[in-house]
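Comments concern the structure below.
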Amino acid sequence: MKLQEHASLRELTTLGLPASARWVVTLEAVDDLLPVRDDPRWVGLPRLVLGGGSNVLFTCDFDGVVVLNRLRGIEVRDEGESWLLHVAAGENWHELVRYTLEQGMAGLENLALIPGCVGAAPVQNIGAYGVELARFCAYVDTLRWHDGQAERIAAADCRFGYRDSLFKHDYQESHLITAVGLRLPKHWQPVLSYGPLAALGEQATPQAVFDIVCATRMAKLPDPAVLGNAGSFFKNPVVPQALAERLKAVHPAMPLYPAGEGQAKLAAGWLIDQCGLKGFAIGQAAVHQEQALVLVNRGGASARDLLTLAAHVRDSVAARFGVELEHEVRFMGARGETFLREVMQ
């Protein structure tokens, strides 16, 4: 276990904004949890578990303990009709996708190049190109902070929703994710309904899907190592079907996707683009020139720059379309999670 006091968080998040934490603890073994939990210096302080830092915006310095989840390991079990993978929370998500394909275990290819660690995947119920984590999740292993005991939570109990789960709400403060169980059926069924994947048709293979997803994401999304960003900043809004149809009548080119009975999903990036915001900047924060869904740190941006820009984007879309965007990126204040509507009051 590695311990740092008054540590910078700039290099621990892909947005690269200036912020610090009172303590940063690197967790490399499950047994390291007990010292973190019981140390009197940290009793009563807020805790935040951080993996790749690819979906977090610190609005200010964090007055608590940041736990870097660096647990490693992948175990595979043959269940006959499927493969069951037990993956430690600190494993890199994209490298896991690559590993499964190399081992002949298909299914995760639509989720290639999503940044972050495996432990963050169930929190957000990550998804892309018509596939969500919930499709393959078997269970999530956790440790409870209050007693240090292990608890396995079946996928059916994780309350997975669109970019949502139990771990963003009831279990956010109480449970540390240590591993995720993934069940990949041996009978592969491609999901080709989104974007350029449809062109594959009968020629689709897991590797071909993986290659197209990677190429598409690299063409649209900036590399965080070059231009600080947190990927998709806003969720694609889910609205009543009646509202979606009224908007579609006025804007025939508007992308529209089914989202359950009586609801439809809109493309947040398209809505932002229609407001003419590509390239729009406040300070050193800007809407990306190629992908309006991504807000970037052009170098030297402050949290206030990003927050003010995000509020401007939200308000612009609401004024034109009557649709309020919600941020997908998690905002962290001094004592824990916060939201744009709170920090910009």
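The values are calculated or read from the model by the stated rules, or taken from the named source; none is laboratory data. Note that this is a predicted model, so its numbers are computed, not measured. Here Cβ is always computed from backbone atoms with ideal geometry, including for glycine, and neighbour counts include all displayed protein chains. Surface areas here come from the heavy atoms of the whole protein model, side chains and all, with no ligands, DNA or RNA. Shrake-Rupley method; radii C 1.70, N 1.55, O 1.52, S 1.80 Å.
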### Distance from the stretch 170-226 to the stretch 72-123 (C-alpha centre basis), Å
11 Å
### Task
Could you provide, to the nearest whole Å², the per residue accessible area of the stretch 267-317 with probe 1.4 Å?
35 Å²
### Message
Tell me the per residue accessible area of the stretch 74-217 using a 1.4 Å probe; a whole number in Å² is fine.
### Response
43 Å²
### Query
Of all DSSP beta bridges in the stretch 1-139, what percent run antiparallel (nearest 5)?
60 percent
### Message
If you average the C-alpha positions of the stretch 235-250 and of the stretch 281-316 separately, how far apart do those two centres end up, in angstrom?
### Response
25 Å
### Query
Expressed as a whole number of Å, what is the distance separating the alpha-carbon centroids of the stretch 129-165 and the stretch 1-65?
22 Å
### Task
Select from His312, His86, His288 the residue whose mean-square fluctuation is largest in a Gaussian network model of the chain (Cα-Cα springs shorter than 10 Å).
His312
### Message
Can you give me the long-range amide H partners of Phe58? Hydrogens built in the peptide plane at 1.01 Å from N, cutoff under 5 Å, separation of 5 or more residues or another chain.
### Response
Met332
### Contour excess over end-to-end distance, with Cα ends at Thr338 and Asp273 and 0.36 nm allotted per residue
20.8 nm
## Note on the structure
With a ≥ b ≥ c from the Cα gyration tensor eigenvalues, square-rooted, and the rule rounded for a/c under 1.5, otherwise prolate when a/b > b/c and oblate otherwise, the stretch 193-255 is oblate
## Note on the structure
Residue-normalised value, i.e. accessible area per residue, for the stretch 2-69 at 1.4 Å probe, in Å², stands at 42 Å²
### Rounded to 5, the percent of DSSP beta bridges in the stretch 2-69 classed as antiparallel
40 percent
## Note on the structure
Given Cβ charges of +1 for Lys and Arg and -1 for Asp and Glu, the option among Val87, His6, Leu57 whose Cα lies farthest towards the positive end of the dipole of the chain is Leu57
### Query
Quick one: how many Å² of Arg77 are accessible to a 1.4 Å probe, rounded to 10?
140 Å²
### Task
Calculate how many DSSP beta bridges within the chain are antiparallel, expressed in % of all such bridges and rounded to the nearest 5.
80 percent
### Query
What is the magnitude of the charge dipole of the stretch 2-69 about its Cα centre, with +1 placed on the Cβ of each Lys and Arg, -1 on the Cβ of each Asp and Glu, and no other charges, expressed in debye to the nearest 20?
160 debye
### Message
Here is the link list: Lys2/Lys168; Lys2/Lys265; Lys2/Lys278; Lys220/Lys248. Which ones come out longer than 32 Å on Cα distance?
### Response
Lys2/Lys265; Lys2/Lys278
### Task
Can you figure out the FRET efficiency of Leu34 with Ala319, using R₀ = 35 Å and their beta-carbon distance, to the nearest 0.05?
0.10
### Length-normalised contact order for the chain - Cα pairs under 8 Å, 6+ apart - percent
17 percent
### Query
Please state the equivalent ellipsoid semi-axes for the stretch 74-217: what are the square roots of 5 times the Cα gyration tensor eigenvalues, largest first, in whole Å?
27, 16, 13
### Task
Report, in deg cm²/dmol and to the nearest 500, the calculated mean residue ellipticity at 222 nm for the chain, where each DSSP H run with n ≥ 4 adds -39500 (n - 2.57) and the sum is divided by the residue count.
-6000 deg cm²/dmol
### Message
Calculate the FRET efficiency for Val250 and Ser193 from the Cβ-Cβ distance with a Förster distance of 35 Å, rounded to the nearest 0.05.
### Response
0.90
## Note on the structure
In whole percent, the fraction of accessible protein surface over the chain that belongs to carbon or sulfur atoms, probe radius 1.4 Å, stands at 49 percent
